[in-house]
Amino acid sequence: MPDQIVLLDAPGDVTRFRLQDQPPQSPGAGEIRIRHQAVGTNFLDVYHRKGIYALPSYPAVIGVEAAGVVEEIGPDVSGFRPGERVAYAGPPAGAYASTRIIAAERVMALPDAVSAKVAASSLLKGMTAYMLLRKVTDVGQGSTVLIHAAAGGLGSILVRWAKSLGATVIGTVSSPEKAALATSYGADHLIVGRGADIVAEVKRLTGGNGVDAAYDGIGGDMLLQTIRAVRPFGTAVTIGQAAGPIPPVAVEELRPGKSLSHPSIMAWCADPGRYREAAEAAIAAMGRGIVCEISAEYALAEVARAHEEMESGRSAGSILLLP
């Protein structure tokens, strides 16, 4: 079977995807060709597909993380050899393919204990969790945090990592089934149901204080509730809009002394030093079991189904594409 690549002809729905044979490519100076064994999907891919975050040109290849083996190294590349197991995440997009040529500085060696599927499902999310818990906020022993979608891909890693740092975790989930999953990841308290009064529940669970930090990838009207669930001088973090665009938030909502942060893992990863710091931390965390559960696997040709599953909200965990 020839190598394949998924092209996005223009921003839009899943009908904009097109599968095409990929001709052989040779890496240039400072580059590596990787044969993908697993390609990770993220809600960022949906934003790229829809054009919420525009790509430089079309047709385009989306996808920002994958794992596989080194197939060929270009001139001036040291430290890698053909057959070595590797992974990468972050910009530039282009992972939805059987093989990929990528700058060697973006490639991370994988230890034996971390499989390609685990790496492809957890690297970018682990890097995001590291950025959120250790750089945007400083979560540690005695912290109390609120994590939305605590049974989801990023949510599950945030729960596990926050617990490893000694935090008390309050999670939100949409169903009792997802509550059971989030509990198995270590969440101390769960707020269940899309219509739950999150602010009242958080205040009840924290003796009226609110949480030290809250992480909101849901968007829509949820951000306002998230801010109101944070204690004075705590931090609310907005990291996505799975439920839709975020309405304007009045600055008065930050009184007294609350902070609002809108970090981007792609912007973080644009700096090579920060990228490697976060990637090394995420890979080490995977070795300690801080991983995302894999909820579904699809062939590369089934990319439309994978995106439909991701957008449905039914899946708890990460969805992989297998070339």
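Rule-based calculations on the coordinates, nothing more; no lab input. Keep in mind that what you see is a predicted model, and the values were worked out from it rather than measured. As a convention, Cβ positions derive from the backbone with ideal geometry for all residues, glycine included, and neighbour counts pool all protein chains shown.
Taken as Cα centroids, the range 51-97 and the range 214-240 sit 33 Å apart, rounded to the nearest whole angstrom.
With θ set to phi - 60° and the Karplus curve 6.51 cos²θ - 1.76 cosθ + 1.60, what are the ³J(HN,Hα) couplings of the range 140-148 in order, to the nearest whole Hz, using x for Gly and Pro? So the J values, rounded to whole Hz, are x, 4, x, 6, 10, 10, 10, 10, 6. For the Cα trace of the chain, dividing Rg by the Kirkwood Rh returns an Rg/Rh value of 0.98.
Would you please give the FRET efficiency between Ala304 and Val69, computed as 1/(1 + (r/R0)^6) with r the Cβ-Cβ distance and R0 = 25 Å, to the nearest 0.05? Between Ala304 and Val69 the formula returns 0.40. Note on Ser115/Ala250: beta-carbon distance plugged into 1/(1 + (r/R0)^6) with R0 of 45 Å gives a FRET efficiency of 0.45.
With a/c under 1.5 counting as rounded, go ahead and sort the range 125-265 into rounded, prolate or oblate using the C-alpha gyration tensor (a ≥ b ≥ c being the square roots of the eigenvalues; past the cut-off, prolate if a/b is larger than b/c, else oblate). It is rounded, given that a/c, with a ≥ b ≥ c, falls under 1.5. Per-residue extension of 0.36 nm, minus the Cα-Cα distance of Glu297 and Met1, leaves a gain of 104.6 nm for this segment.
Need the C-alpha centroid separation for the range 247-323 versus the range 153-213, integer Å. So the separation of the two Cα centres works out to 17 Å. The GNM of the chain, with springs linking C-alpha atoms under 10 angstrom apart, assigns the highest mean-square fluctuation among Pro111, Pro23, Pro176 to Pro23. For the chain, a simple Cβ point-charge model (Lys and Arg +1, Asp and Glu -1, everything else neutral) yields a dipole of about 600 debye relative to the Cα centre. Between Asn209 and Arg276, the modelled labels are 4.0 nm apart [label points 7 Å from Cα along Cα→Cβ]. Within the range 95-116, name every residue whose backbone N is under 19 Å away from a label modeled 7 Å from Cα of Gln20 along the Cβ vector. Of the residues in the range 95-116, 95-102 have backbone N under 19 Å from the label point off Gln20. In this simple spin-label model, placing a label point 7 Å from the Cα along the Cα-to-Cβ direction at both Ser78 and Ala196 gives a separation of 5.4 nm.
Under a 10 Å cutoff between Cα atoms, tell me which one of Ala200, Ala95, Ala236 has the largest fluctuation in the Gaussian network model of the chain. Evaluated over the chain, the most mobile residue of the options is Ala200. With an 8 Å cut-off on Cα pairs and a minimum separation of 6 or more residues, tell me the relative contact order of the range 125-265 in percent. Value for the range 125-265: 19 percent. If you stretched the chain out fully between Ser261 and Leu165, how much longer would it get, using 0.36 nm times the residue separation minus the C-alpha to C-alpha distance? Taking 0.36 nm per residue and subtracting the Cα distance, the gain is 32.5 nm.
Computed per residue of the chain from DSSP H runs no shorter than four, each worth -39500 (n - 2.57), the mean residue ellipticity at 222 nm is -8500 deg cm²/dmol. Only one residue of Pro75, Pro24, Pro56 has its Cα farthest out toward the positive end of the dipole of the range 18-78, where Lys and Arg carry +1 and Asp and Glu -1 on Cβ, and that residue is Pro56. Taking every alpha-carbon pair under 8 Å whose residues sit at least 6 apart, the range 113-170 reaches a relative contact order of 37 percent. Relative contact order for the chain: 19 percent, from Cα pairs under 8 Å spaced at least 6 residues apart, divided by residue count.
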